[in-house]
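What follows is one structure encoded as structure tokens, with my remarks underneath.
Any read-out appearing in this document is the output of simple, stated calculations on the displayed coordinates, not a laboratory observation. These numbers were taken from a predicted model, which means no experiment stands behind them. In this analysis, Cβ positions are derived from the backbone assuming ideal geometry, glycine residues included, and neighbour counts consider all displayed protein chains.
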């Protein structure tokens, strides 16, 4: 089947990979007679990545003004895509473009909105695989998007998935979860994973921490995005209940003739829990108001595009 696809590839200091990667993507698209565009988003590279990209054909090259992160680069590329299906992948050549046709067919055959790659046999270091498995366990417990390998960048989407969606932080890992929350259907397909042959990995402990915090954000968005008062107000009610219990405890001690100077702990707990409960309840009400404002106004982007270069 002939598809029209936009291949979106965030890149950062990948001068040793992008020329060969572009050749592979172009070969797959032309061999399968796709109507296609290749979009490389340069996330503020400091090497010769930009110079190499400008000599590639066909290409849409987008350069960000500064290093804004892989998620921001991916968001910029997705918004620049014009065809029916959007394919995202890493720029380090560890994702194999040869998997794209099978993933597209799988998406159409099963009528999915998203198909996420599953790197079943990863070619990474032990430490990277260990951290990834820990992150996948946490994601399963908190987000539960139904896929094994959310961190795989090789994914296929229907273009309508991203209408009104803005990506921030390290949320590119959780796009399937975000889209599933919105009601889109998500599938998974086993893909090849190749060892890195050039350049250095961009993953470090900072990205791991940021990814975990974004996971908490996605969990909250999934459970309480439209009803934050249910979480904060519920916690506030629990604290108010604990404060009332401590208050009753204080009254009983006072009625028994105990000197409160020797039993100051129960009154202090009463004041503490009541204040915390009231604050949580107020924060819940304020969050309800902020959520309504969020859904009613335009949300700014976290990056700025310096230039767009097209070479057909």
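Using the Cβ-Cβ distance between residue 271 and residue 227 with R0 = 41 Å, the FRET efficiency computed as 1/(1 + (r/R0)^6) comes to roughly 0.90.
Compared with the direct C-alpha span, the chain from residue 304 to residue 159 gains 50.0 nm at full extension, assuming 0.36 nm per residue. With each label modelled as a point 7 angstrom along the Cα→C-beta vector, the residue 54-residue 254 pair spans 7.9 nm. On the beta carbon distance between residue 293 and residue 23, with R0 = 51 Å, the FRET formula returns roughly 0.60.
By other beta-carbon atoms within 10 Å, ranking 283, 220, 40, 189 with the fewest at the front produces 220, 283, 189, 40.
In a fully extended conformation the segment linking residue 66 and residue 2 would gain 19.3 nm over its present Cα-Cα distance, using 0.36 nm per residue. Spin-label model, residue 98/residue 121: points 7 Å from Cα along the beta carbon direction are separated by 1.2 nm. For the pair region 227-290 and region 78-115, the centres of their Cα atoms are 52 angstrom apart. One chain, two ends: residue 216 and residue 32. Fully extended at 0.36 nm per residue, the span grows by 62.2 nm beyond their Cα-Cα distance.
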